[in-house]
Number of protein chains: 2
Amino acid sequence: MFTGLSAFPLTPVTGDSLDTAAYERLVARLADAGVDSIGALGSTGASPYLTRQQRAEAAKIAVDAAAGTPVLAGIGALATRDVLALAEDAQNAGVAAVLLAPLSYQVLDDDEVYALYEEVTRELSVPLCVYDNPRTTHFRFSDELHGRIACLPGVASIKIPGVPADPAEATARIDRLRALIPDTVTIGVSGDALAATGLAAGCDAWYSAVAGLFPHIAQAIMRDPGESERLQPLWDVFARYGTIRVLAAAATRAGLTGNRVLPRPLRELDGDTLREVTATLAALGL
Amino acid sequence: MFTGLSAFPLTPVTGDSLDTAAYERLVARLADAGVDSIGALGSTGASPYLTRQQRAEAAKIAVDAAAGTPVLAGIGALATRDVLALAEDAQNAGVAAVLLAPLSYQVLDDDEVYALYEEVTRELSVPLCVYDNPRTTHFRFSDELHGRIACLPGVASIKIPGVPADPAEATARIDRLRALIPDTVTIGVSGDALAATGLAAGCDAWYSAVAGLFPHIAQAIMRDPGESERLQPLWDVFARYGTIRVLAAAATRAGLTGNRVLPRPLRELDGDTLREVTATLAALGL
């Protein structure tokens, strides 16, 4: 479950309601495409913006629609109390694993983050993937801290944000992390633009946002890393407007969701920006 | 209410419960000291880590214990839905104003933040203070965006994170912002270390964490900015270990709270760090 392609779909929200039909459709497409696992309620799944009830409901829908493909569910929240409650809900929904990012408001220190993972893994009966995403959590893991956390019982994988663009540096970065963690813990790259580089550098998995909507694109990149270069205009609009907003526009354009997809305060692209993104998607045949 | 000294107390939490007796004590001391307003549930008040029920309860306690001193209550949350619910609760508790920071997980753009303030001010019947704190929210307001938001109905003040250390640059920074906002909107400095510089540069208010526990210290700095220099060792441990953790240690040391003060994942200082902070406080007579 912690190797190969893990696809992270949007969680479409219309007003204050989960669009359950659209969500079911998005997840079922991924299972049909044969991805190795489905990452429900990740960053692209806008999970920190949903209520506990919506997250529990989404986890259930994902497990059902995945029809046997293993589902990882994000359980990140600012307060440890909420993380524990989300872990319980996700396990009750039947997920195969959970994904935990150390969300922050106050700047957290290493011991606080270690203690968070220690407390959560103590309560879990499914494996946990450590989610390292400084762009959204504003917490920077040291490799030393990754090493300590990876030794906690139940930790099975680390989702790293990306790798250096230079192939040799990317390999050195993965080797350095690998030396500090148990052999049983896999490393997965995210940040779609550098995923091919990360896989070539030895990552075991790709935790992918683009695969959450375009699984065949991600599978093509896994077969032929050169495909990633062709998609540079997509990576560029991801960087410029935010992956979640571009994928929301793409999901609407593909008729997979309505026009309202994102929970507020996030807003769908519109006007010139939407036209630019639509043109980019069209030029790439997406 | 949006001028002078506004004191931001801790919200003591023991395990999963609000320590209501300690909170009442902390707030009452501020009213007794004669601060101009009380900032309940700010960053130092750890509000994003509390449940909606805890925040509603704390707002009620603060209004009662403040005994007529105006209370501003923080209503920041990641989801707009939650911000609106918190605004309603705070108003029901009888607060005089609300304080709103644009918390972020996904990186927000200017239009999303403007729309958030537009939606919230439309629902409010009390004034709002814009809370600009990039260290915790990871959103950077441009002065132009401050100007747009300050024109929304009900916006009464802007809490800025700090000012440049150089007095001339601080004055220029305040003048630049002042030129873009209505005359009715005040500017308040936070970041205690540079508050004296901010007030000298023309800020109307000091939104102060140190005043939330040591109101007389803050009042002394307002009378004599030289006092701030004497407190440099305190500002240094604030920067090193986090204001909230240092003030939690100081509250425990003063017998105003128990040993457990902070909601998890935040943790109280201990070991050598606690000894260093305790020695610093003792040397300053705090």
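Derivation of every value follows stated rules applied to the coordinates shown; laboratory data play no part. Fair warning: this is a prediction, and the values are worked out from it, not measured in the lab. Here the Cβ positions follow ideal geometry from the backbone for every residue, glycine too, while neighbour counts run over all protein chains shown.
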Provide the FRET efficiency to the nearest 0.05 for the residue A:279-residue B:229 pair, computing r from the beta carbons and using R0 = 35 Å.
0.05
What are the extents of the Cα atoms of region B:4-223 along their three principal axes, listed from largest to smallest and rounded to whole Å?
44, 41, 28
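Within 10 Å of each Cβ in peptide B:114-121, how many partner chain Cβ atoms are there on average? Round it to a whole number, please. Don't skip to the answer; put the middle values down first.
Working: counts 1, 3, 3, 1, 0, 2, 1, 0.
Across the residues of B:114-121, the mean count of other-chain Cβ atoms within 10 Å is 1.
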Nm distances between copies for residue B:33, ranked from closest, using label points 7 Å along Cα→Cβ:
5.7
State the Cα centre-to-centre distance between region A:1-42 and region A:121-176 in whole Å.
22
How big is the dipole moment of chain B about its Cα centre under a simple scheme where the beta carbon of each Lys and Arg is +1, that of each Asp and Glu is -1, and everything else is neutral? Debye, nearest 20, please.
620
Proximal aspartates and glutamates relative to residue A:60, as straight alpha-carbon distance under 17 Å, when same-chain residues fewer than 8 apart are discounted:
A:19, A:24, A:88, A:89
How many nanometers, to one decimal and shortest first, lie between the label point of residue B:166 and those of its other copies, if labels sit 7 Å from Cα toward Cβ?
3.5
Label position 7 Å from Cα toward Cβ: report the copy-to-copy distances for residue B:183 in nm, one decimal, ordered from shortest.
7.7
Extending each Cα 7 Å along its Cβ direction at residue A:33 and residue B:3, get the distance between those two points in nm, one decimal.
6.0
Across peptide A:101-113, what mean number of C-beta atoms from other chains lies inside 10 Å of a residue's C-beta?
6
By Cβ position, which chain A residue lies least far from the axis that rotates chain A onto chain B, and what is the distance to the nearest whole angstrom?
A:138, 3
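Within 10 Å of each Cβ of A:263-276, how many other protein chain Cβ atoms are there on average? Kindly include the intermediate steps, with their values, before the conclusion.
Values: counts 5, 9, 20, 10, 6, 0, 1, 1, 0, 0, 2, 0, 0, 0.
That works out to 4 on average.
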Per DSSP H run of n ≥ 4, the term is -39500 (n - 2.57); total these for chain A, divide by its residue number, and report the mean residue ellipticity at 222 nm rounded to 500 deg cm²/dmol.
-14000 deg cm²/dmol
Efficiency of FRET between residue B:140 and residue A:270 - r from beta-carbon atoms, R0 25 angstrom, step 0.05:
0.65
